[in-house]
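Heads up: the structure comes next, in structure tokens.
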Amino acid sequence: MTCETANTINQILDSAAAEGRSSLLEHEVYGVLNAAGCRTPAYLFVKKGERPEPRALAALGGGAHVMVKVVSPEIAHKTEVGGVKKVANEPAAIAQTIEAMLAEVPARQARVFEAHAGHGPKAYEGLAGGALESAIARDIRGFIVVERIAFEGEGPGSETIVALRHNREFGPVLTMGVGGVDTELLGEACKKGEAVVSASAALPAERLLAAFRSTLAHRRLTGRTRTAQKLVDESAILATLSSFQRLATCFGRDGEGEGWTITELEVNPFGACKGELVALDGLLKFRKRAPLPLARPLSSLDAMLQPKSAAIIGVSSKGENMGRIILNNLIQSGFDSKRLYIVREGCEEIAGIKCVPSIRALPERVDLFILAVSAEQVPGVVEELVEHDKAVGVILIPGGLGEKEGGEALEGRLRAALHKARTTNMELVAVGGNSLGIVSKPGRYNTIFIPQSKLPLNNKGRSNVALLSQSGAFMISRLSKMAWLSPRYAVSAGNQTDLTITDFLRHTAKDPEVRTFAVYIEGFKDGDGLEFSRAVEEIVKGGRDVIFYKAGRTAEGKQATSGHTASLAGDYDVCEAIVRGAGAYVARNFEEFKSLMLISSLLGDKSWSGRRLAAISNAGYETVGMSDSLRGDGWNLSLAPFTAETRAALKGALVKYKLDGLVDVRNPLDVTPMANDEANAEAVRAFLADPTVDAVLFATIPLTAALGTLAHELAAPGAIINRLKELVQSAAKPVVVSIDSGELFDPMAKACEEAGIPTFRSADEACKALGLYIEGRLARG
């Protein structure tokens, strides 16, 4: 966007702000759109009390009719209150329509506000009846007389909505799709991504267009329907999206310097006319540009996650309090006791660790400092750390700083201390408050305040996962359930007063040993969602996986907007679209999160080349169930056809193990309960050798006497688990297992996962997890 164009838009926003307005009138919106490069109808603004001049009306195109619209900063949905009329293009008819609107619109709008108490403009709070109508009439600025455009095409999809909205977490977001009066209805009726899509407006216009292609609106506009009537070329769509992208670049972000941020710009609809998209209705809201937080010294995370020295405050000398549990975990993790200190007055040592009477008395600036004291003590401790420069990385364990009523003052002092550290170029950074702790395998420490008797971490398990969670409870419950996992990093970020989830994602991404980043978030800090999505994109481009779960999917914000956009794409929808668009796996529930994390960690380095599945079971119901589970919401597996060589090998195996009289060669393959360990393994071996097979599912009902599946049988070299382990380790293709039986076979499931094979307790769950993971890998191209 040129300086001249930006200046034109700034002048419009400046003029509105000078009148105390934070929204534009419709003709002002047209001015912004024109300046940005969008086509709008010709229009004439008629001030309240004036009459349109015939010569001015002649400039509206000379059509038989024009559209007359009421102009008021407080009337958003004009059509609903009779504020939009088609009128003969004659001065007398237009003047008569304006007079009728002045008489009728205030009363109709008053009834709407009264019927939706609490959702009207603040200026009208406490008003009703005639007083409310008078206030509405007073705020009518005038009317615009608009050229009536003959749009091409009819029905859903021929009208398009394009909206730019500033999202607190992700910055400028573009929502686009089916427009018109049925926008919300179609949004509810269609599958996600068909009615509307959202994407970060920071993306190039070509990628915005690629996202728009999934919608019914794109199909209708470009003629990909039964009638094949093309309304516009893709170049016209790209031009419109480029205009919005330029607006987002200049006016969509917060940051340093003075200026304006567009918080909402919605055009509904754009219609097609002579190969162009023409804006019909528009609204625009704006505010002053807000500053972003000071940059954090992220290089300090090197010392924080791989510290050579550490200190802890809040350790009991007698009882097992929170601080003492953390101390025990540090010691048991093998942290260097010679450079581990306890800040506690009146003690020389606790559990063999040296005590110092105060923060000032620490013999060195420590790389890691853990606060395990009450919330009331936290600000004072951090102030001392800053005053004496005694720490690089700080873990704030206590809650109640900002998330609890009455904690605002404490959090204010904490933020002031951190701000002082920033402005004096101190290296100090902090995680929390309300952090449950951190596990860092490279740093040889565990500061989780859960005793190892209740959360024994597996030191020999798969160590290629960074588990980053805003919720400490979510983090430890995942660790407790995943006995196969020895996390390389597990970080409880708490309320992100300073360091954010994105900071830890970027830093742990530097570690080449991590291939799976599992992230649970309840909310991003201002602007941090956009940075998070950028970090995700970089990680995924490097061939690694991000598994993501976003909590909080409520829709209260849908009623807080004057346009349609928030009702079509709420905050969760925006988050999901942008993070998924960056390449992350977005889990819809906790089970999906666990399953995707399991497959990624254990099999992510395998060859994921397609959707063709080979499946085997010793139970007929499972083969039927697997076939029924090939497709679902978000996945679309198919059954591999098998080559002639594979069919011959499978037939030979059935003959060899005297199963040919019971079953035929098919996919899924039912080997019946009579098949032993070797027969099952031979079938899996044939699957893996077949070039038409992309993935293998081994499902079993382990109760049959033919298989060695009990705990005392698992160590035998010929047991199915050991045969599978050998096959999986040597194969390039992924193999997953289903064990659909009770707790007696938990040891078998655990042994499978310890052998590096993702294991599920039902075949349909295995199909779903495998399918979802495959779709994500194939989407990368």
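The values are calculated or read from the model by the stated rules, or taken from the named source; none is laboratory data. The structure presented is a predicted model; accordingly, all values stated were derived computationally and were not measured. Here Cβ is always computed from backbone atoms with ideal geometry, including for glycine, and neighbour counts include all displayed protein chains. Keep in mind that these areas ignore ligands, DNA and RNA; they rest on the heavy atoms of the full protein, side chains included. Shrake-Rupley method; radii C 1.70, N 1.55, O 1.52, S 1.80 Å.
When the residues of region 280-292 are filtered to those that are among the charged types (D, E, K, R) and in a strand (DSSP E or B), the one that is surrounded by the most Cβ atoms within 10 Å (Cβ to Cβ) is Lys285. Quick check, is Ser200 modelled with pLDDT of 95 or more and over 24 Å from Thr40 (Cβ atoms)? Considered against the rule, which asks whether it is modelled with pLDDT of 95 or more and over 24 Å from Thr40 (Cβ atoms), Ser200 comes out as yes.
Once region 665-678 is narrowed to residues that are in a loop (DSSP other than H, G, I, E, B) and either in contact with a Gly (Cβ under 7 Å, 6 or more places away or on another chain) or β-branched (Val, Ile, Thr) (or both), the residue that is most open to solvent (accessible area, probe 1.4 Å) is Val665. The residues in region 101-138 that are touching a residue at least 60 places away in the same chain (Cβ under 8 Å) and of a type in the set (A, V, I, L, M, F, W, C) can be counted, and the count is 1.
Applying the set (1) under 30 Å from Val392 (Cα atoms); (2) open to solvent by 10 Å² or more (accessible area, probe 1.4 Å); (3) part of a helix (DSSP H, G or I) to Ala295 leaves exactly one unmet item: (3). Restricted to region 631-660, and to residues there that are surrounded by 18 or more Cβ atoms within 10 Å (Cβ to Cβ) and within 14 Å of Lys768 (Cβ to Cβ), the residue that is farthest from the chain's Cα centre (by Cα) is Leu637.
Flag: Thr215 matches the condition of being among the hydroxyl-bearing types (Ser, Thr, Tyr), in contact with a strand residue (DSSP E or B) (Cβ under 9 Å, 6 or more places away or on another chain) and open to solvent by less than 30 Å² (accessible area, probe 1.4 Å). Restricting region 91-135 to residues that are touching a strand residue (DSSP E or B) at 6+ places or on another chain (Cβ under 6 Å) and of a type in the set (A, V, I, L, M), the residue that is surrounded by the fewest Cβ atoms within 10 Å (Cβ to Cβ) is Ala93.
Using the structure shown, decide if Arg141 is open to solvent by 60 Å² or more (accessible area, probe 1.4 Å) and in contact (Cβ under 8 Å) with a residue 40 or more places away in the chain. Yes; evaluated as a whole, the condition is true for this residue. Among the residues of region 366-380, those identified as out of contact with any Phe, Trp or Tyr (no Cβ under 8 Å at 6 or more places or on another chain) and either under 25 Å from Gln332 (Cβ atoms) or of a type in the set (S, T, N, Q) (or both) are Asp367, Phe369, Ile370, Leu371, Val373, Ser374, Gln377. Being open to solvent by 20 Å² or more (accessible area, probe 1.4 Å) and more than 41 Å from the chain's Cα centre (by Cα) holds for only one residue in Ala76, Ala64, and it is Ala64. Taking the criterion of being of a type outside the set (Phe, Trp, Tyr), open to solvent by 20 Å² or more (accessible area, probe 1.4 Å), touching a strand residue (DSSP E or B) at 6+ places or on another chain (Cβ under 6 Å) and not in a loop (DSSP other than H, G, I, E, B), would at least one residue in region 314-335 satisfy it? No: zero hits. Screening the candidates Gly223, Gly252 for the property of being under 19 Å from Ala6 (Cα atoms), at pLDDT 85 or above and open to solvent by less than 20 Å² (accessible area, probe 1.4 Å) yields one hit, Gly252. Of the set (1) closer than 13 Å to Phe251 by Cα; (2) open to solvent by 60 Å² or more (accessible area, probe 1.4 Å), all apply to Ala6 but (2). Under 26 Å from Gly31 (Cα atoms), open to solvent by less than 10 Å² (accessible area, probe 1.4 Å) and under 24 Å from the mean Cα position of the chain (by Cα): is that true of Gly271 in this structure? Answer is no for this residue. Residues in region 429-467 that are β-branched (Val, Ile, Thr) and assigned to a loop (DSSP other than H, G, I, E, B) were compared, and the one that is farthest from Glu383 (Cα to Cα) is Ile450.
Search region 729-757 for residues being of a type in the set (A, V, I, L, M) and under 33 Å from the mean Cα position of the chain (by Cα), and hand back the single one that is nearest to Val696 (Cα to Cα). Here the residue is Val735. Closer than 18 Å to Glu765 by Cβ, touching a Lys or Arg at 6+ places or on another chain (Cβ under 9 Å) and not hydrophobic (A, V, I, L, M, F, W, C): is that true of Gly634 in this structure? For Gly634, the condition - closer than 18 Å to Glu765 by Cβ, touching a Lys or Arg at 6+ places or on another chain (Cβ under 9 Å) and not hydrophobic (A, V, I, L, M, F, W, C) - is met. One residue is enough: does region 152-163 have a residue meeting the conditions at pLDDT below 85 and surrounded by fewer than 17 Cβ atoms within 10 Å (Cβ to Cβ)? For region 152-163, residues at pLDDT below 85 and surrounded by fewer than 17 Cβ atoms within 10 Å (Cβ to Cβ): present.
Using beta carbons and a limit of 8 Å, which pairs, at least six apart or on different chains, have the first residue in region 590-612 and under 22 Å from Lys750 (Cβ atoms) and touching a residue at least 60 places away in the same chain (Cβ under 8 Å) and the second one open to solvent by less than 10 Å² (accessible area, probe 1.4 Å) and among the polar types (S, T, N, Q)? Taking only residues 6 or more apart or on different chains, the pairs are Met597/Thr516; Ser600/Thr516; Ser601/Thr516; Gly604/Thr516.
Assess whether Lys69 counts as being in contact (Cβ under 8 Å) with a residue 12 or more places away in the chain, open to solvent by 80 Å² or more (accessible area, probe 1.4 Å) and in contact with a strand residue (DSSP E or B) (Cβ under 7 Å, 6 or more places away or on another chain). Against the criterion (in contact (Cβ under 8 Å) with a residue 12 or more places away in the chain, open to solvent by 80 Å² or more (accessible area, probe 1.4 Å) and in contact with a strand residue (DSSP E or B) (Cβ under 7 Å, 6 or more places away or on another chain)), Lys69 does not qualify. Since Asp14 meets every condition but one in (1) under 34 Å from the mean Cα position of the chain (by Cα); (2) modelled with pLDDT of 95 or more, which condition does it not meet? Checking Asp14 against (1) under 34 Å from the mean Cα position of the chain (by Cα); (2) modelled with pLDDT of 95 or more, the one that fails is (1).
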